[in-house]
Amino acid sequence: MCGTCGCSTPAPPVQTTANPATPDARDAGRDTVPVMEPLLAENDRQAAHNRAHLDAAGVVCVNLMSSPGAGKTTLLEATIKALGLTWRIGVIEGDLETETDAQRIRKAGAVAHQITTGTACHLDAAMVHRALHHLDLASLDLLVIENVGNLVCPACFDLGQHANAVLLSVPEGDDKPAKYPVMFRAADLVLLTKADLLATVGDFAPETAAAHVRALATGVPVVTLSARRPDSLTPWFHWLATLRETRHASGRKTGNAAARGSDSMAPRSGGPIGARIGVRGQ
Amino acid sequence: MHELTLCRHLLARVTRLAREREARAVTHVTVEVGPLSGVVPELLAQAFHVAKRGGAADTATLAIETPPPTVRCPQCGAENVVSPTRLTCPACGACRVDLLRGDGLILKSVDLSLDARPPS
């Protein structure tokens, strides 16, 4: 992929507006330099580069985030089973160790590349960029990045995705959006997974989880589903299809992460999509 | 957990700035870490203390500004400081608001120590 754009070579030094120290500062022996730059500016540049590759290949990319064990891989297996005949799906798996999840995805019938981060608690744009080299983007319609299971760190790193889907499984408790506001504020879609356990767990109320999400001033859809009940997955598939259509129709950047740097919390990509397909607050 | 990663980004940036300005050392760094940035200021400070050693910022101090989340409501126009877990408009209850401050993760300024040069 990068043979044609030259990005296999190290990124050029960041251009800055900083000038050499002024003679006055030199005389004083000290200088205070205003910078006002995002701390993750380098990652953001790499993410924009990744997104440009995805856009050029016409691939829509979703970053899947949750705590460990919320059912990301199981949801993907069910998604591949349901959509695999009509969608060409690729998955980048992020885990600290093992190739297990990539093997599960391949067994389900999709292309997968495993990133093992060692001790790193999140994926960053450079890791995803290296992974993109292992995939033939031109042969994909949908790329899902299954982030490292963690409700904290992954929310901070733009990977180049078009949208963020955040999973919250029923056994975790319906108060998680209040406890992890940064993660749930980054979501374009919230999926309440393992709904088949609602009766067993007993004290998880989907409407309470949705209310905690709403308190974060985000209008994104909140969908309740279970990978064990294929009919419950329809709103998720619908959201993916709408995201894909929106991407193809407009070619605009979507997704919270794509808008990093903007302070706007007003309508974002997930909101209008969710509103259109009517899955909000289920 | 990712504060050390952030520190490496931060130190690479300030080191480059020091080099561009032909500074002798970085003496002070000011960053803004909003409560909605996903970064814990205390952990960032600890990571900075460890990661700076042996580099251009070896003796540098770090100031972390943590402005509370502030929202402006496009419906009623109210501007309020709010809790990170309740960002809706406290005045009218609207759930679509503009976040003015609180999610920033910004390198604001860098203080450098320079070698004095004789006037040419």
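The values are calculated or read from the model by the stated rules, or taken from the named source; none is laboratory data. Remember, it's a predicted structure, so these values are computed and weren't measured experimentally. Because the Cβ atoms are built from the backbone with ideal geometry, glycine has one as well, and the counts that use them run over all protein chains shown.
Quick notes
- Residue count for segment B:1-24, restricted to those that are in a strand (DSSP E or B) and surrounded by 17 or more Cβ atoms within 10 Å (Cβ to Cβ): 1
- Note on segment A:23-96: enclosed strands (runs of 3 or more DSSP E) holding 3 or more residues that are over 20 Å from the mean Cα position of the chain (by Cα) and among the hydrophobic types (A, V, I, L, M, F, W, C) are A:30-38.
- For segment A:23-56, the set of residues classified as closer than 22 Å to A:H134 by Cβ and among the charged types (D, E, K, R) consists of A:R45, A:R51, A:D55, listed by residue number.
- Any helices (runs of 4 or more DSSP H) falling wholly within segment A:117-219 and containing at least 3 residues that are under 19 Å from A:D101 (Cβ atoms): A:125-132
- Odd one out for A:D158 among (1) modelled with pLDDT of 95 or more; (2) under 17 Å from A:A70 (Cα atoms); (3) within 14 Å of another protein chain (Cβ to nearest Cβ): (2)
- Single match in B:A56, B:A60 (criterion: more than 30 Å from A:A209 (Cα to Cα), away from chain A (no Cβ under 12 Å) and over 17 Å from the mean Cα position of the chain (by Cα)): B:A56
- Residues within segment A:105-116 that are surrounded by fewer than 18 Cβ atoms within 10 Å (Cβ to Cβ) and in a helix (DSSP H, G or I), tallied: 2
- Within segment B:28-59, tally of residues that are assigned to a loop (DSSP other than H, G, I, E, B), among the small types (G, A, S) and either closer than 20 Å to A:L40 by Cβ or touching a Cys at 6+ places or on another chain (Cβ under 7 Å) (or both): 5
- Segment B:10-53 - residue that is more than 8 Å from chain A (Cβ to nearest Cβ) and acidic (D, E) and, of those, farthest from the chain's Cα centre (by Cα): B:E42
- From B:L112, B:L105, residue being crowded, with 16+ Cβ neighbours inside 10 Å, closer than 20 Å to A:V182 by Cα and not β-branched (V, I, T): B:L105
- For segment A:126-149, the tally of residues that are in contact with a Phe, Trp or Tyr (Cβ under 7 Å, 6 or more places away or on another chain) and not charged (D, E, K, R) stands at 1.
- Any chance A:S232 is surrounded by fewer than 20 Cβ atoms within 10 Å (Cβ to Cβ), modelled with pLDDT of 95 or more and of a type in the set (S, T, Y): yes
- Taken over segment B:72-115, residues that are in a strand (DSSP E or B), of a type in the set (V, I, T) and more than 7 Å from every other protein chain (Cβ to nearest Cβ) amount to 1.
- Against the list (1) under 24 Å from B:A94 (Cβ atoms); (2) touching a strand residue (DSSP E or B) at 6+ places or on another chain (Cβ under 6 Å), the condition A:P181 fails is (2).
- Per-region count, segment A:152-192, residues within 21 Å of A:A120 (Cα to Cα), surrounded by fewer than 24 Cβ atoms within 10 Å (Cβ to Cβ) and not hydrophobic (A, V, I, L, M, F, W, C): 1
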